[in-house]
Amino acid sequence: MALIVQKYGGTSVANIQRIRNVAERVAKFKMLGHQVVVVLSAMSGETNRLIALAREIQAEPDPRELDMLVSTGEQVTIALLAMALKDLGLKARSYTGSQVRILTDNAFTKARILQIDENRIREDLDAGRVVVVAGFQGVDENGNITTLGRGGSDTTGVALAAALKADECQIYTDVDGVYTTDPRIVPQARRLDTITFEEMLEMASLGSKVLQIRSVEFAGKYKVKLRVLSSFEEEGDGTLITFEEEDKSMEQAIISGIAFNRDEAKITVLGVPDTPGVAYQILGPVADANIDVDMIIQNTGANQTTDFTFTVNRNEYNRTMTLLEELKVKIGAREIIGDTSIAKVSIIGVGMRSHVGIASTMFKTLAAENINIRMISTSEIKISVVIDEKYLELAVRVLHKAFDLENGKTGAKFD
Ligand code: ASP
Ligand code: MG
């Protein structure tokens, strides 16, 4: 007998028939003798619908009230699933986040889980019940309902699995696992049987939207066995997210995947004096305005001046430009220019640690297609480049081919 946490996303509970299908899948695991905790998202589109309603009243909805509102989406699906389970003759009970007591901080709309009281769930499991928990929501110490940020049900699932020391956390979604890249761009993209936590973290932060990044961090920290599977297929093991030290397979590819994102914009501050403190003068106020900066490059220019380029989320582009225009005189900049039609493409793989020439292969491949690289950043296990957005799909396709990701045999060659 195992204790399994299963999280189902919005498309898996989008209508009554699909909720019945989820109930049947849960029943199958129950029949095998397992204990099952189910975490649900709202029906697909529901959270967006609720946010849109709020925005009809307030352009920037009050965060406390917004959480009160959007948390209702999950309350609908948990109740319906509990009914569907009972209809199949199973014992089941649904709980909101505050009923379980998923205690969070009070950062409305992006709260962090502080503590989970798992006793009640355990009692239910011991009594033979399936426990159905609302994803995405918690409660602060004053009893206010909070939510965990978009995609937060993944994190609820993983956090419950950690608290209950579950044998496995299964994330059911509308794709059957984690792919080498987005199959809509590269039809030959291949499902990975395994991916390491570190790679998955990079994939999630660099634009692959399969899992909320916080859920991956959580799983890594508490060593939760995490698997991504399709809720629309009967069979299949999906993608297991592994710890590197466990993954001793010789077939380990050098590059596991290609992530990309179109959400960034590039800003260049030209001709600032090349003196100590200039980076702080520019980026200090940006950070104070709560704007996240991603890539940064500084180039020494002529006459003791320097050019400073960085990227921010496209949503924050206008705000950042306004802020810098106001600072322009103070920081002594000649000009501030921006570009919103850029994209970032990243290759990811733990195998990079022990192989040379990965970056040069990447640059050569892009050069052969005449794709200009505007910025580069690297870490131990990823290389990211910023290019013009219009070349994004081409870049992803040629890189997928260059690293032979469709065959997944890059790791078999020891050169
Ligand atoms: N329903 C929430 C959202 O759409 C949480 C989730 O589905 O994970 O973001
Ligand atoms: Mg999701």
Q) Restricting the search to the stretch 342-386, which residues are outside any loop (DSSP other than H, G, I, E, B), of a type in the set (Val, Ile, Thr) and in contact with a strand residue (DSSP E or B) (Cβ under 6 Å, 6 or more places away or on another chain)? A) Ile342, Val345, Ile347, Ile348, Val350, Ile376, Ile383, Val385, Val386
Q | Matching residues in the stretch 203-247 - criterion: being within 16 Å of ligand 1 (Cβ to nearest atom), more than 8 Å from the chain's Cα centre (by Cα), under 22 Å from Glu380 (Cβ atoms) and not aliphatic (A, V, I, L, M) | A | Glu217, Phe218
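Does Asn144 fit the bill of being under 28 Å from Arg49 (Cβ atoms), surrounded by fewer than 21 Cβ atoms within 10 Å (Cβ to Cβ) and more than 16 Å from ligand 2 (Cβ to nearest atom)?
Yes; evaluated as a whole, the condition is true for this residue.
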Q. Does Leu85 satisfy the condition of being closer than 30 Å to Gly236 by Cβ, crowded, with 24+ Cβ neighbours inside 10 Å, more than 16 Å from ligand 1 (Cβ to nearest atom) and over 26 Å from the mean Cα position of the chain (by Cα)?
A. yes
Q) Does Val186 meet the test of being closer than 23 Å to Asn21 by Cα, of a type in the set (A, V, I, L, M, F, W, C), in contact (Cβ under 8 Å) with a residue 40 or more places away in the chain and away from ligand 1 (no atom under 16 Å from the Cβ)? A) no
Q) Just for the stretch 338-366: of the residues that are hydroxyl-bearing (Ser, Thr, Tyr) and in contact with a helix residue (DSSP H, G or I) (Cβ under 9 Å, 6 or more places away or on another chain), which one is surrounded by the fewest Cβ atoms within 10 Å (Cβ to Cβ)? A) Ser341
Q: Would you point out which residue out of Leu240, Leu206 is among the aliphatic types (A, V, I, L, M) and at pLDDT 90 or above?
A: Leu240
Q | Search result, residues across the stretch 147-202 that are within 16 Å of ligand 2 (Cβ to nearest atom), under 30 Å from Leu114 (Cβ atoms) and of a type in the set (Ser, Thr, Tyr) | A | Thr147, Ser153, Thr155, Thr156, Tyr172, Thr173
Q: Look through Glu199, Glu217, Glu168 and report the one residue that is modelled with pLDDT of 90 or more, under 20 Å from Phe136 (Cβ atoms) and among the acidic types (Asp, Glu).
A: Glu217
Q. Restricted to the stretch 1-21, and to residues that are among the β-branched types (Val, Ile, Thr) and farther than 18 Å from Val210 by Cβ, which residue is farthest from ligand 2 (Cβ to nearest atom)?
A. Ile16
Q.
Here are the criteria: (1) more than 16 Å from ligand 1 (Cβ to nearest atom); (2) not in a helix (DSSP H, G or I). Tell me which single one Gln17 does not satisfy.
A. (2)
Q. Do any strands (runs of 3 or more DSSP E) entirely within the stretch 128-169 hold 1 or more residues that are away from ligand 1 (no atom under 14 Å from the Cβ), and if so, which?
A. 130-134, 137-139
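The values are calculated or read from the model by the stated rules, or taken from the named source; none is laboratory data. Keep in mind the model is a prediction, meaning the values are calculated, not measured. Backbone-built Cβ (ideal geometry, glycine too); neighbour counts: all protein chains shown.
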